[in-house]
1. Only sites in a loop by DSSP and with at most 11 other Cβ atoms within 10 Å count here; which GluC sites (Glu not before Pro) in segment 42-138 make the cut?
2. Which angle from 0 to 90°, rounded to the nearest 10, does the C-alpha axis of helix 160-175 make with the longest principal axis of the chain?
3. Going by alpha carbons, how many degrees (0 to 90, nearest 10) lie between the helix axis of 434-450 and the longest principal axis of the chain?
4. Counting residues in segment 279-354 as N, plug N into 2.2 N^0.38 Å and put the Cα Rg over that result.
5. Pairs of Cα atoms under 8 Å, at least six residues apart: use those to get the relative contact order of segment 113-184, whole percent.
6. Helix 232-248: angle to the longest alpha-carbon principal axis of the chain, degrees 0 to 90, nearest 10?
7. Got a sec? How would THR389, THR560, THR59 order by Cβ neighbour count within 10 Å, fewest to most?
8. Please state the shape class of segment 113-184: rounded when a/c is under 1.5, otherwise prolate if a/b exceeds b/c and oblate if not, all from the C-alpha gyration tensor.
Amino acid sequence: MITSVLVANRGEIACRVFRTCRELGIRTVAVHSDADANALHARVADTAVRLPGAAPADTYLRGDLVVKAALAAGADAVHPGYGFLSENAGFARAVLDAGLVWIGPPPEAIEAMASKTRAKQLLGIAPLTEVTEADLPVLVKAAAGGGGRGMRVVRRLEDLTAALEGARAEAASAFGDGEVFTEPYVENGRHVEVQILADTHGTVWALGTRDCSLQRRHQKVIEEAPAPGLSAALAEELRTVAVRAARSVDYVGAGTVEFLVADGRAHFLEMNTRLQVEHPVTEEIFGLDLVAEQIRIAEGEALAQDPPPARGHAVEARLYAEDPARDWAPQTGTLHRLTAPGAVRLDTGYTDGDAIGVHYDPMLAKLVAHAPTRAEAVRRLAGALERLTLHGPVTNRALLLASLRHEEFASARMDTGFYDRHLADLGAPGDPLAPLAAALADAAHRGSRFGGGWRNVPSRPQLRRYELAGEEVEARYAWTREGLRADGVRVVHASASLVVLETDGVARKFEVAAYGDRIHVNDTALRALPRFPEPETQHAPGSLLAPMPGTVVRVADGLTPGSPVKAGDPLIWLEAMKMQHQITAPATGTLAALHAAPGQQVEMGALLAVVESDAAQGHGPVPIHDSAE
């Protein structure tokens, strides 16, 4: 029997595995980088072991250190979680060679499916070896790993070489393996997958289907089970192929077989030899704990002949610290508060007061709703997102809510191109009354501390300035004999934490929380600006500024001050939260200055380079382009 489990991972999945271990009476061991010394997963485990020596982003890839930590802490089993070393056959062998139980598939199965090209060959699918105009568009894809890293869509042959080089570099950085391949890019397909669970006695369960079509940067955002709208024949075909894939490599444990579905046909993508981020939706509809099943299988227990029946529908939304309006730029800072309504499941690796850094994936949490029907589950999840208390950096919460309520998603007609078509329409500027509520809360707070602001001599209205969704807005109010007043609304109540405003006879409540210049009003985030505009920091025309904290991983070959550049040329590659981003030339001209070097850590707004335009026209700070298209 397993008595102590080390999770070779961090964040949400480590906390998720620990929760099941505690329920089973199993002791828990965490590993952590220096950057994660105070992370939630390190705090909640029974024992925590520091992984020394490596850079924070690479620490969890040191399998030798993880095995050493397991032995030092007295663990008798290792759970890999997802990402990092979870699909590394060498790490699985090292765990087994150390006399530890590996809570995952056999190394041989991981190895067989580790390369997407080899996986296709096992199922008799021929790879695309040469690309011609007739093959376009194609997808360049990392042979190892996933999560959208090392992927590029190529629509012109002249872009293929650059896409291959960029994908190789990103894949090598993320997975330690730069092998890439090309395959036909299916436009407007649906991403559908099958959850597999197999024991050591020859039983393989295909636990229904999941739809994961809503994606950004080839990473999933909203997932659900079962996949809606599939014919019974197609769903059965997917389950059959999934079981065949598992049996072809004598699979053991939890895994996922992924497909792209278009025009009623299924195209095999890959098999992920691990637990998936979206596994909770399958757990909800089957009433299973997949982590507990993984542990029991690792202990040699047999599955029943048939899985339990599915019931109802489940939908999951991933909350990311990112700004969809700024090319999905990752965000950092303090997560001041995160609480969800009791009707939904919240899986997270953060708690109030935790810092969100630059080294790891920007996912904050997953919200999961389960209900008898799809419509009820979607409505329940949307309501929970609306009532979620989330105070901290900018997130994708408003986008998730708008997506769930979009007609195309509600009618289950979505596909992987959903955000390509609708992102501009899903922008959420926030509640237009939020700035006024923030200003009134601030006024009430100051009035309670220093006395009311009313004077016998009338004065001009007070003005407060805020940044809302990247735009500057103003809020005006006045102190009167009756208290606070604002045009167009009646101020029913105003305190530092609660403002009630009435318009057209309808009173609305606004809960206000301020953290320095960051203010949250219900689900709208604001930034308080100085009462009087401050002079902006001046940058030379054509300045390229870092839009987020990160690491410079590459500078274009031969690029030095004085080098000629063309508009759109990639000049600098910045890595933040394990994703690489290109910074391109804003105009054709000459590189006037270069302040970036490989390995350099930069803060948001740091000056990286200056391009002097041939036309001598001014160019302000230029945004970056995400390299994972």
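1. On the way: sites: GLU87, GLU108, GLU111, GLU130, GLU133; in loops: GLU87, GLU130.
Counting only loop positions with at most 11 other Cβ atoms within 10 Å, the GluC sites (Glu not before Pro) in segment 42-138 are GLU130.
2. 80
3. That works out to roughly 60 degrees.
4. Expressed relative to 2.2 N^0.38 Å, the Cα Rg reads 1.53.
5. Dividing the mean separation by the residue count of segment 113-184 yields 35 percent.
6. 60
7. Numbers: THR389 16, THR560 9, THR59 23.
Taking fewest neighbouring Cβ atoms as first place, the list is THR560, THR389, THR59.
8. On the way: a/c = 2.37, a/b = 1.10, b/c = 2.15.
Oblate, since a/c reaches 1.5 and b/c is not below a/b.
FYI, it's all coordinate maths here, none of it is from the lab. Source: prediction; values computed, not measured. Note that each Cβ is placed from the backbone with ideal geometry, even for glycine, and that neighbours are counted across all protein chains shown.
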